[in-house]
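Quick notes on the structure that follows.
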Amino acid sequence: MFEALQNIFKIPELKKRVMFSLGMLFVYRVGCHIPTPGIDGVALSHFFKQAQGTLLGMFDMFSGGALEKLTVFALGIMPYISSSIIFQLLTVVVPAIEKLSKEGESGRKKIIQYTRYGTVVLSVVQAMGISIGLEAMRGPAGELVVPNPGWSFRLLTVITLTAGTAFIMWLGEQMSERGIGNGISLIIFAGIVARIPSAIGNTLKLLKTGQLSLFVLIFVFAVMFLVIAGIVFVERGQRRIPIHYAKRVVGLQTMAAQSSHLPLKVNMAGVIPPIFASSIIMFPATIANFVDVPWVKGSAKYLMPGNWVYNVIFVAFIVFFCYFYTAVTFNPIDVAENIKRHGGYIPGVRPGQETSAYLDSVLTKLTFAGAIYISLICVLPSILIGKFNLPFYFGGTALLIAIGVGMDTVAQIESHLITRSYEGFMKGVKIKGRS
């Protein structure tokens with residue numbers, strides 16, 4: 001593995017991409033420590049200590065601690081993800097956007113542009129809600145979190161937070177284009193990983209004060225280890241559908257009969273469903289936490305991690321987005337036509353429509369299994385952590401995203417190394433990403 005790390009710096013292009021991605025992540029982490037003007041940081045920190053284990057604490061985890069300090073990156077990348085969800089849904093129901101999606105690269109660029117505009121609009125709405133809510137918040141001694149409330153503070157906060165989200169969006173796109181890829185996912189990954197040291201530190205404090213027993217701590221870490229092992233095992237699992245190609249003539253050459261396979265992953269959607277589900281739940285819940293209205297506050301309590309209403313809604317969104325994202329990224333009809341066009345067939349299945357129906361049936365079963373797997377990973381560890389009152393939100397969702405993105409990133413670096421005849425990270429083993 002150390003030899004593979006050395007090989008990265010022997011390939012100029014790969015070295016440049018890795019260093020560029022690390023540089024962008026460094027810029028992101030610096031921005032997570034630049035506070036928004038007009039905020040009493042001590043009073044705000046006291047408020048977030050009480051929000052640990054709530055949905056607000058989960059939002060703070062995705063922002064890498066930026067929301068707790070209300071820095072310029074407090075909104076994180078979630079408005080961009082929410083905007084992406086909206087336009088992917090509109091692609092299915094709005095004919096004009098569906099037509100754009102089929103126009104190739106030019107259509108894709110237009111949809112990305114609309115997604116950016118949507119990100120700005122959502123950021124403005126969230127930032128305005130947060131600024132109004134902050135004005136009503138008070139610290140432990142009754143001091144105002146915002147010493148000088150008013151429209152000047154609100155406008156400044158809206159402009160600052162919206163600009164911060166737009167800049168993060170730009171960073172993610174640059175990392176995807178000029179770095180090692182998965183720019184948006186790497187930003188979320190960085191935010192989650194950045195919270196690990198403080199989470200471990202808070203847990204050890206509870207252990208020293210006797211509020212947490214050693215047995216419970218060992219049990220929780222054992223569960224996390226099993227979850228990590230399960231994620232790695234399932235993310236690399238796939239159903240291989242055999243495909244045979246008959247002998248055919250291509251130009252002046254005769255191609256011999258060949259056998260291949262079509263790999264269908266158990267979790268075709270990857271980490272997208274929990275990210276999308278979290279983003280949708282967080283948007284109204286975050287606004288509710290900052291609005292001083294009794295019935296709104298009461299409704300927000302039902303959207304706290306560990307609450308059965310939250311779990312039901314979260315699982316429902318995960319299942320929906322598993323099927324939705326898989327349908328968007330994998331079209332059985334197109335795959336069946338490509339197999340038929342190249343003279344291939346699945347043994348026991350007629351080419352064309354029957355092949356499409358067969359692939360759709362297999363994919364439906366795999367997607368159901370993948371949805372159940374993601375739901376269990378995201379909900380069960382979170383319930384256990386909530387039962388033991390651990391002072392951080394680092395449950396299955398965070399583990400799934402961190403491990404999934406990590407596997408994808410390592411797989412991309414591995415492909416660069418192998419393409420240039422260098423040894424990969426693990427000798428004799430090909431690391432597979434989720435895509």
Practice problem: Kindly state, to the nearest 0.05, the FRET efficiency for Q353 paired with V232, given R0 = 56 Å and r defined as their beta-carbon distance. | Solution: 0.90
Quiz item: By how many nm would the segment from L376 to R240 grow when fully extended, if each residue of separation counts as 0.36 nm and the alpha-carbon distance is taken off?
Solution: 46.5 nm
Self-check item: the range 169-232: C-alpha gyration tensor shape, a/c 1.5 cut-off, then a/b vs b/c
Solution: oblate
Quiz item: Order of 398-411, 218-231, 112-125 by packing, highest average Cβ count within 10 Å first?
Solution: 398-411, 112-125, 218-231
Quiz item: What is the spin-label model distance, in nm, from T329 to K99 if the labels are put 7 Å beyond Cα along the C-beta direction?
Solution: 2.9 nm
Quiz item: What order, most packed first, do the peptides 194-206, 262-274 have when packing is the mean number of other Cβ atoms within 10 Å of each residue?
Solution: 262-274, 194-206
Quiz item: Based on the Cβ-Cβ distance of A316 and R116, what FRET efficiency does E = 1/(1 + (r/R0)^6) give at R0 = 22 Å, to the nearest 0.05?
Solution: 0.15
Exercise. Could you calculate the contour length gain from A163 to I218, that is, 0.36 nm times the residue separation minus the distance between their Cα atoms, to one decimal place in nm?
Key: 15.5 nm
Quiz item: Measuring from label point to label point, each 7 Å out along Cα→Cβ, what is the T364 to V266 span in nm?
Solution: 2.2 nm
Quiz item: Which ordering of C378, C322 is given by a fewest-first count of other beta-carbon atoms within 10 Å?
Solution: C378, C322
Quiz item: Roughly speaking, what is the stretch gain from S45 to R108, that is 0.36 nm per residue apart minus the C-alpha to C-alpha distance, in nm to one decimal?
Solution: 18.5 nm
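Laboratory data are not the source of any read-out in this text; all were calculated from the coordinates shown. Only a predicted model underlies this, so the values are computations on that prediction, with no experimental measurement involved. Counting neighbours? That spans all protein chains shown, and the Cβs are built from the backbone with ideal geometry, glycine included.
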